[in-house]
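Enquirer: Okay, handing you the structure first.
The values are calculated or read from the model by the stated rules, or taken from the named source; none is laboratory data. Since this is a predicted model, take the numbers as computed values, not measurements. Cβ coordinates were reconstructed from backbone atoms using ideal geometry, including for glycine residues, and neighbour counts include every protein chain displayed.
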Amino acid sequence: MHRKQLTVLFVLLVVYALCAFLTYAFFTDELAAAAGMPMPDMGISDAVLGLANAGIVLVVYGILGLAGYWFARKLDLPGIFNEDGNWRGWFFIPLLLGLVGGVAVVLGDLLFAPVNGFGRFPHPAFPISILASLSAGIGEEILTRGFVFGLWGLILNWLLKRFNGRTAALWIANVIAALAFGASHLGTIFILTGAASMADVSPVLLVETFLLNGIIGLVAGWRYMKEGLVAAAGVHFWTDVVFHVLWGLF
């Protein structure tokens, strides 16, 4: 049982590491264009930079992934994937939710653009948008759903244990992870707007960032509880495919 779970986690990490390598080895110019600023000169080749980032991914997210799996086992959650489930739960439901979520984010972006003081969010150039969607779908879910959700779920479940509050503990942890997911995008907001602090960012833009990302985070967290990390990553990935890849092409 553990071997299957850890094997799937390892595959996810390898895919993420490969995306990191390809992004930094071959698409540094596109990264700089997306960030609106030149990449700093590291004094090394792009290939070495890609390998370094791939190594960081394997080590850092490997540790976070293992910790998240341990939390999931303590909480009696599926972990990396639900071994009692099937392709419907692992793939098709996340695909459907991701497509709907992606359309919702597109509509939300269009709705907020005239009033957020910034406009519509930019998208990575194709094909780096696919690599970015894969990287975010795996890396951010390991961090927010696997680690943050799991850590707070464990703490809250312990605090509410005498009240049989496991369900409440899990949903509060889901909300915390969704807020953390929204907050993880603030660095991008600062880069795009040139803001030096939260006070420099339009309150409407902050609401948009937390609301749109928070909704997707809650849905991903729900599927994480039902089917595991693979399903949560699927929701995230397909949402990004609709918003950043398909909508980005238009």
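Enquirer: Could you go through the range 59-80 and let me know if any residue there is surrounded by fewer than 13 Cβ atoms within 10 Å (Cβ to Cβ), of a type in the set (Val, Ile, Thr) and at pLDDT 95 or above.
Expert: Yes, the range 59-80 has at least one match.
Enquirer: Something else about it: How many of the residues in the range 170-184 are of a type outside the set (Phe, Trp, Tyr) and free of Cβ contacts under 8 Å to residues at least 12 places away in the same chain?
Expert: Residues that pass the stated criteria total 0.
Enquirer: Would you check which residues across the range 189-203 are assigned to a helix (DSSP H, G or I) and farther than 15 Å from residue 115 by Cα and list them?
Expert: 189, 190, 191, 192, 198, 199, 200
Enquirer: Quick check on this structure: which one of 51, 18, 111, 31 is in contact with a helix residue (DSSP H, G or I) (Cβ under 9 Å, 6 or more places away or on another chain), assigned to a helix (DSSP H, G or I), at pLDDT below 95 and over 21 Å from residue 220 (Cα atoms)?
Expert: Just one listed residue meets the conditions, 31.
Enquirer: While we're here: Just checking, does the range 175-183 include any residue being closer than 26 Å to residue 66 by Cα, in contact with an Asp or Glu (Cβ under 8 Å, 6 or more places away or on another chain) and modelled with pLDDT of 95 or more?
Expert: yes
Enquirer: A follow-up question, please. Taking the conditions exactly as written (out of contact with any strand residue (DSSP E or B) (no Cβ under 9 Å at 6 or more places or on another chain), without any contact (Cβ under 8 Å) to a residue 12 or more places away in the chain and outside any helix (DSSP H, G or I)), does residue 122 satisfy them or not?
Expert: In short, no.
Enquirer: State the number of residues belonging to the range 104-127 that are out of contact with any Gly (no Cβ under 9 Å at 6 or more places or on another chain) and closer than 20 Å to residue 141 by Cα.
Expert: Total satisfying the criteria: 2.
Residues are listed down the side, and each one gets a yes or a no for (1) small (Gly, Ala, Ser); (2) part of a helix (DSSP H, G or I):
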site	(1), (2)
85	yes, no
89	yes, yes
105	no, yes
129	yes, yes
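Enquirer: Between a residue in the range 92-117 that is farther than 17 Å from residue 239 by Cβ and any residue that is not in a helix (DSSP H, G or I), which pairs come within a Cβ distance under 8 Å, given they are 6 or more apart or on different chains?
Expert: Pairs found: 113/119; 113/120; 116/202; 117/202.
Enquirer: So, in the range 63-94, of the ones that are over 20 Å from residue 167 (Cα atoms) and of a type in the set (Asp, Glu), which residue ends up farthest from the chain's Cα centre (by Cα)?
Expert: Across the range 63-94, the extreme among qualifying residues is 84.
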